[in-house]
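The values are calculated or read from the model by the stated rules, or taken from the named source; none is laboratory data. Just so we're clear, the structure is a prediction, and the values are computed from it rather than from any experiment. Quick reminder, even Gly has a Cβ in these numbers, built from the backbone with ideal geometry, and neighbours come from all protein chains shown.
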Amino acid sequence: MSPDTTSSDRGDEPRPATRAITAGRATSGSSLATALWASSTWETADLDDANTRATGLRAEEYYSRYGNPTVQAFEDAIAELEGAEAALAFGSGMGAIATTVFTLCSAGTHLVAQRQLYAGTLAFLQGPCRRLGIDVTFVDGTEPGALTAAVRPGQTMMVLAETPSNPRLELVDLDELGSIAGPFTVVDSTFATPIGQRPLAHGVDISLHSATKGIGGHNDATLGVIAGDRDLLDEIWSYSVLHGATPSPFDALNALRGIRTLAVRTTHQAASAQRIAEHLAGHRHVSAVHYPGLASHPQHELARRQMTMAGTVLAFEIDGGRPAVEDFFDRVALCRVATSLGGPETLVCHSATSTHVSLTPAEQAETGITDGLVRLSVGLEDTDDLLVDLDRALDRSA
Ligand SMILES: *Cc1c(COP(=O)(O)O)cnc(C)c1O
């Protein structure tokens with residue numbers, strides 16, 4: 001998996017790493033940095049002007065819940081990297097998911113989702129969606145044809161996938177998802193970032209990210225974003241001003257700065273993740289390693305087909321269950337015990353007691369979230385130092 005293969009057939013067109021340097025800069029004049037427009041409101045010249053701003057689609061200078069120039073610069077950058085006509089930012093990844101689902105689905109309609117999901121998404125689909133009368137069917141996203149087979153013609157409004165999935169790095173075939181006719185297809189592509197895969201090129205309607213993670217990349221912004229066709233995003237925008245998951249201009253600016261280094265960060269982190277995954281796969285206290293870059297990953301070939309790199313996150317199972325994980329967490333020094341991913345610091349978390357604690361024991365068992373499972377978000381430290389830290393923490397001298 002070499003970076004930028006998705007555009008290597010584009011001749012002289014800049015590759016994603018190059019585009020990331022200037023993406024979204026069209027409106028910043030001769031400034032190399034984008035300005036922070038903290039404004040919540042803009043002055044109007046007269047009633048006609050006020051009317052134009054109040055009724056225009058995606059008005060940029062009217063009121064910040066409708067649009068904001070700094071947020072727009074971030075959205076333009078994401079659209080460019082995703083190869084989309086447009087992008088739309090939200091106050092968080094969950095804001096992006098909730099707004100998208102509530103725009104496209106209503107009471108009495110049907111939504112298909114994979115079972116392997118970020119726990120917040122799962123809780124949202126099982127709780128508020130069902131409470132408001134949206135019928136949700138969960139299937140195993142790794143099973144070929146399962147998402148397609150669950151579609152009910154005329155009733156299914158949306159098919160939602162997440163690939164690679166949190167926390168076990170399972171994949172959904174983007175070509176299959178993109179070929180589903182009828183419902184809108186949406187991919188949570190957070191774990192891949194726009195550098196690691198481009199769902200829209202596979203025919204998927206919407207690529208969605210928690211930009212809080214790899215895109216922002218510095219643990220200093222809470223933000224979500226979607227990319228897709230302009231008409232569809234305009235429709236989602238119209239509902240988003242009522243839903244109110246409005247992004248902060250400051251967070252959009254931080255995330256835009258994150259985009260400038262996204263390719264170099266993810267390339268380094270993915271190379272480190274590959275080495276760590278290979279190392280852990282041979283460790284005597286580790287019973288399994290989940291990483292799409294490993295030949296032992298059941299969907300390794302699919303990863304090679306649809307991803308330019310295998311990603312910055314891996315998961316592994318420590319022998320000895322929860323007590324062994326507690327011991328490991330006590331001993332790590334460089335790796336920090338914290339939730340989230342995609343930042344400069346390497347983070348470890350225990351999904352069963354933190355990110356996926358809302359799942360019932362049966363759901364945890366069904367999705368492979370065992371007591372010994374540790375998710376590792378590989379940071380920007382020197383890989384050798386990380387290997388030393390992991391070995392030291394795993395060594396129970398037994
Ligand atoms: C973190 C995350 C989300 C939610 O994003 P927030 O910015 O925390 O709201 C959704 N999907 C995935 C895959 C995530 O990792």
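Taking the criterion of being of a type in the set (A, V, I, L, M, F, W, C), within 14 Å of the ligand (Cβ to nearest atom) and assigned to a loop (DSSP other than H, G, I, E, B), the residues of the stretch 186-232 that qualify are Phe191, Ala192, Ala211, Ile215, Ala221, Leu223.
In this structure, Ala84 does not satisfy being of a type in the set (Gly, Ala, Ser), under 11 Å from Leu208 (Cα atoms) and touching a strand residue (DSSP E or B) at 6+ places or on another chain (Cβ under 6 Å).
Could you tell me whether the stretch 306-327 includes any residue that is of a type in the set (Val, Ile, Thr), closer than 19 Å to Gly141 by Cα and not in a strand (DSSP E or B)? No. Can you find a residue that is in the same structural domain as Glu278 (by TED's automatic domain parsing), at pLDDT 95 or above, under 26 Å from Glu176 (Cβ atoms) and of a type in the set (Ser, Thr, Tyr) anywhere in the stretch 310-319? Yes, some residue in the stretch 310-319 is in the same structural domain as Glu278 (by TED's automatic domain parsing), at pLDDT 95 or above, under 26 Å from Glu176 (Cβ atoms) and of a type in the set (Ser, Thr, Tyr). Of the residues screened, Ser240 is one that is part of a helix (DSSP H, G or I) and either of a type in the set (Val, Ile, Thr) or touching a Phe, Trp or Tyr at 6+ places or on another chain (Cβ under 8 Å) (or both). Restricting attention to the stretch 109-160, the residues being part of a loop (DSSP other than H, G, I, E, B) and more than 19 Å from Gly368 (Cβ to Cβ) number 11.
Only residues that are within 23 Å of the chain's Cα centre (by Cα) and free of Cβ contacts under 8 Å to residues at least 12 places away in the same chain were counted across the stretch 17-66, and they come to 2.
When the stretch 72-102 is limited to residues that are among the hydrophobic types (A, V, I, L, M, F, W, C), within 21 Å of Asn219 (Cα to Cα) and within 12 Å of the ligand (Cβ to nearest atom), the one that is surrounded by the fewest Cβ atoms within 10 Å (Cβ to Cβ) turns out to be Met94. Would you be able to say whether some residue in the stretch 309-319 is touching a Ser or Thr at 6+ places or on another chain (Cβ under 6 Å), within 15 Å of the ligand (Cβ to nearest atom) and within 22 Å of Gly24 (Cα to Cα)? Checking the stretch 309-319: not a single residue is touching a Ser or Thr at 6+ places or on another chain (Cβ under 6 Å), within 15 Å of the ligand (Cβ to nearest atom) and within 22 Å of Gly24 (Cα to Cα).
Pairs meeting the criteria (first residue in the stretch 354-378 and on the phi > 0 side of the Ramachandran plot, second residue assigned to a loop (DSSP other than H, G, I, E, B), beta carbons under 8 Å, at least 6 apart or on different chains) are Gly368/Arg168. Among residues of the stretch 329-352 that are away from the ligand (no atom under 16 Å from the Cβ), those with a beta-carbon under 6 Å from a residue that is at pLDDT 95 or above and of a type in the set (Ser, Thr, Tyr) at least six positions away or on a different chain give the pairs Cys335/Thr346. Looking only at the stretch 20-28, decide whether some residue is of a type in the set (D, E, K, R) and either more than 15 Å from Ile259 (Cα to Cα) or outside the structural domain of Thr163 (by TED's automatic domain parsing) (or both). Scanning the stretch 20-28 turns up no residue that is of a type in the set (D, E, K, R) and either more than 15 Å from Ile259 (Cα to Cα) or outside the structural domain of Thr163 (by TED's automatic domain parsing) (or both). Residue-level check: of (1) free of Cβ contacts under 8 Å to residues at least 60 places away in the same chain; (2) surrounded by fewer than 18 Cβ atoms within 10 Å (Cβ to Cβ); (3) not aromatic (Phe, Trp, Tyr), Ala123 misses just (1).
Here Gly95 does not fit the description of being within 23 Å of His290 (Cα to Cα), among the small types (Gly, Ala, Ser) and either in contact (Cβ under 8 Å) with a residue 40 or more places away in the chain or in a helix (DSSP H, G or I) (or both).
Candidates Thr156, Thr163, Thr148: the one that is under 16 Å from the mean Cα position of the chain (by Cα), at pLDDT 95 or above and among the β-branched types (Val, Ile, Thr) is Thr163.
Taken over the stretch 243-252, the criterion of being out of contact with any strand residue (DSSP E or B) (no Cβ under 8 Å at 6 or more places or on another chain) and part of a loop (DSSP other than H, G, I, E, B) is satisfied by Gly244, Ser248. Only one entry in Pro128, Pro69 is surrounded by fewer than 22 Cβ atoms within 10 Å (Cβ to Cβ), within 16 Å of the ligand (Cβ to nearest atom) and more than 16 Å from the chain's Cα centre (by Cα), namely Pro128.
Scan the stretch 160-185 for residues that are of a type outside the set (D, E, K, R) and within 16 Å of the ligand (Cβ to nearest atom) and the total you get is 12.
Of the set (1) outside any loop (DSSP other than H, G, I, E, B); (2) without any contact (Cβ under 8 Å) to a residue 12 or more places away in the chain, all apply to Ala295 but (1).
Among the conditions (1) more than 16 Å from the ligand (Cβ to nearest atom); (2) touching a Cys at 6+ places or on another chain (Cβ under 9 Å), Gln274 misses just one, which is (2).
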